[in-house]
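In what follows, a structure is listed as structure tokens, so that the remarks can point back to it.
Read the figures in this text as sums done on the coordinates, not as results from a lab. None of these values were measured; they are calculated from a predicted model. Neighbour counts are summed over all protein chains in view; Cβ atoms, including those assigned to glycine, are modelled from backbone coordinates with ideal geometry.
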Amino acid sequence: MLVKDIMTRELITVKSTDTIREAMAKGHEKRIRHLPVVDDGRLVGIVSDRDLRYACPSPFTGESNGACWQIKVGDIMQKRVITAHPLDPVEDAAKLMLENRVGCLPVLLDDELVGIITQGDIVMAFAELMGVYKRSSRIEVQVPDRPGMLAEVSQIMKELNINVVSVFLAPKTENGLKNLVMRVETMNTKPIIDRIRAKGFKVINPFGEV
């Protein structure tokens, strides 16, 4: 799955000359937390709902916020913008967000803003990749960390004529073992578990070995 598959293409943007009042109104109306700042078709920054709140505190804090409504977006926006490309893998975009501690990534193609992805988009994408929206069951198998183990477990599914919806291999290794997480297209997992155990593998549930 690529960034272009999950990004929002209908962009809501502001200009650096817009006021905080205008930016807040636009974000509230569209129910969005991040607003790319675009001047003359070029991305020059990004402003979040948090940036706007910090710049213009609530009257309940005891501070006067009358004048702050007229502060320009360009004065408070984040000018160092971390961006993605439409053809970036979703996992690379997630890594960028984590490493830079940002909640969204504007998407640029040849320096043109063509989309935006948020943390919510990433979470939904990974949920879809894991097959949680399909009627399926989850099975977690402990396997030796060596080549060919995925093929061995997949062969069991083939023998039982069970379709595998998704496969995930947890990166953590303990004592030369890894956990292979699968979602399978059946609600009756007993034949699968029995066959897996007969092959010498351990099947894990949240409370330990099955």
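Database note for the chain: Cys without another Cys beta carbon under 4.7 angstrom, Cys104. Per-residue Karplus couplings for the stretch 179-185, computed as 6.51 cos²θ - 1.76 cosθ + 1.60 with θ equal to phi - 60°, are listed in order as 9, 9, 9, 10, 10, 10, 7 Hz, Gly and Pro entered as x. Its Cα gyration tensor gives the chain an equivalent ellipsoid. The semi-axes, each the square root of 5 times an eigenvalue, are 48, 18, 15 Å from largest down. Distance from the alpha carbon centroid of the stretch 21-53 to that of the stretch 124-199 works out to 43 angstrom. Among the trypsin sites (Lys or Arg not before Pro) in the stretch 42-151, those located in a DSSP loop and surrounded by at most 10 other Cβ atoms within 10 Å of their own Cβ are Lys79, Arg80, Arg101, Arg135.
Taking label positions 7 Å along the Cα-Cβ direction at both Arg195 and Arg135, the computed distance is 2.1 nm, reported to one decimal. The Cα-based radius of gyration and maximum Cα-Cα distance (Dmax) for the stretch 137-209 are 11.4, 32 Å.
When you filter the chymotrypsin sites (Phe, Trp or Tyr not before Pro) in the stretch 101-210 for DSSP loop state and at most 16 other Cβ atoms inside 10 Å of their Cβ, you are left with Tyr133, Phe207.
Select from the stretch 157-197 those trypsin sites (Lys or Arg not before Pro) which occupy a DSSP coil region and have at most 13 other Cβ atoms within 10 Å, ordered by residue number. It would help to have the intermediate numbers written out before the result.
On the way: sites: Lys158, Lys172, Lys178, Arg183, Arg195, Arg197; in loops: Lys172.
Hits after loop and neighbour filter: Lys172.
Taking R0 as 25 Å, what's the FRET efficiency between Asp92 and Ser166 from their Cβ-Cβ distance, rounded to 0.05? Write out the running numbers ahead of the final one.
On the way: r = 19 Å, r/R0 = 0.77.
Computed FRET efficiency for Asp92 and Ser166 comes out at 0.85.
By the rule of a C-alpha distance below 17 Å, with chain neighbours fewer than 8 residues away ignored, the aspartates and glutamates paired with Lys199 are Glu140, Asp145, Glu152, Glu159, Glu209.
Once you've got the Cα coordinates, tell me which of Lys134/Lys158; Lys26/Lys134; Lys79/Lys172; Lys4/Lys30; Lys134/Lys178; Lys4/Lys202 are over 29 Å apart.
Beyond 29 Å: Lys26/Lys134; Lys79/Lys172; Lys4/Lys202.
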